[in-house]
Ligand SMILES: [Zn+2]
Ligand SMILES: [Zn+2]
């Protein structure tokens, strides 16, 4: 922890901040901006869901006990990635937490997100040995300067460190400053993201099995475009990891 972090940590010991979600006072030494009660409301994504893109299915399908079931979209198109791993849904406390991290730059949120990831890895027996490299979805340099960090890189770093995997962060680059995807239709998202990524050194990705990491999966246009670029760089297989997924 740097001096600034230490100082603000000490300060909040004397003057506990309130939970950014429910407004109750935070527990001592909780620097995650959200109280334990609110964090407890985050639940891991449950089956049944699409075995490739993790789109949740109606609970009634759980009784079918089919090991791999694809959603309509996945069964109709050839995806540039093999499968997505995603611990939570992008809603409620998780959505607020990601907003605090990204748009209000509350990096203390990462501590708790790290705990959630580790529970997910443990409970799902996460197949880390499948991957040669962990690659975060890059931010455009202008965005990176504004925010000061890339949240996808923070997540990728947690995964790489936890499993002793290699993190490659400067070889996939965002060369186009795209508009925010949030308010765009799916068609507009695809147009907006086209040509956004480039790879620098083909050799780095060639024949590799890659875990591509982003914070949120909404319609999947960003990770698809990045996976397509990795395919052009001759990656053998690309898997996706995102912290949360839109339902
Ligand atoms: Zn709370
Ligand atoms: Zn699917």
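The values are calculated or read from the model by the stated rules, or taken from the named source; none is laboratory data. None of these values were measured; they are calculated from a predicted model. Cβ: placed from backbone, ideal geometry, glycine included. Neighbour counts: every protein chain shown.
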inquiry  = Yes or no: the range 193-201 includes at least one residue that is closer than 17 Å to residue 136 by Cβ and loosely packed, with under 13 Cβ neighbours inside 10 Å.
reply    = yes
query = Somewhere in the range 56-78, is a residue assigned by TED's automatic domain parsing to the domain that holds residue 239, buried (at least 19 other Cβ atoms within 10 Å of the Cβ), within 20 Å of residue 125 (Cβ to Cβ) and within 16 Å of ligand 2 (Cβ to nearest atom)?
reply = no
request  = Go through (1) modelled with pLDDT under 90; (2) away from ligand 2 (no atom under 16 Å from the Cβ); (3) farther than 22 Å from residue 118 by Cβ one by one and return the number of the condition residue 31 breaks.
outcome  = (3)
query = Of these, 229, 158, which one is crowded, with 18+ Cβ neighbours inside 10 Å, within 27 Å of residue 105 (Cβ to Cβ) and modelled with pLDDT of 95 or more?
reply = 158
ask   = Residues 83, 107, 115, 111: which one is away from ligand 2 (no atom under 16 Å from the Cβ) and under 29 Å from residue 204 (Cβ atoms)?
value = 107
message = Tell me which strands (runs of 3 or more DSSP E) are completely within the range 143-247 and hold 2 or more residues being within 27 Å of residue 116 (Cα to Cα) and touching a strand residue (DSSP E or B) at 6+ places or on another chain (Cβ under 9 Å), or say none if there are none.
response = 209-217, 237-245
task = Mind telling me which of the residues 111, 95 ends up being surrounded by fewer than 18 Cβ atoms within 10 Å (Cβ to Cβ) and either outside the structural domain of residue 53 (by TED's automatic domain parsing) or under 14 Å from the mean Cα position of the chain (by Cα) (or both)?
result = 95
message = Can you pull out every residue in the range 205-233 that is free of Cβ contacts under 8 Å to residues at least 60 places away in the same chain and out of contact with any helix residue (DSSP H, G or I) (no Cβ under 6 Å at 6 or more places or on another chain)?
response = 206, 207, 229, 232
message = Please verify whether residue 45 is within 16 Å of ligand 2 (Cβ to nearest atom) and either at pLDDT 90 or above or surrounded by fewer than 19 Cβ atoms within 10 Å (Cβ to Cβ) (or both), treating the condition exactly as stated.
response = yes
request  = Output the number of residues of the range 94-109 satisfying the condition of being assigned to a helix (DSSP H, G or I) and touching a residue at least 40 places away in the same chain (Cβ under 8 Å).
outcome  = 9
remark   = When every residue in the range 234-247 that is in contact with a helix residue (DSSP H, G or I) (Cβ under 8 Å, 6 or more places away or on another chain) and without any contact (Cβ under 8 Å) to a residue 60 or more places away in the chain is compared, the one nearest to residue 153 (Cα to Cα) is 235
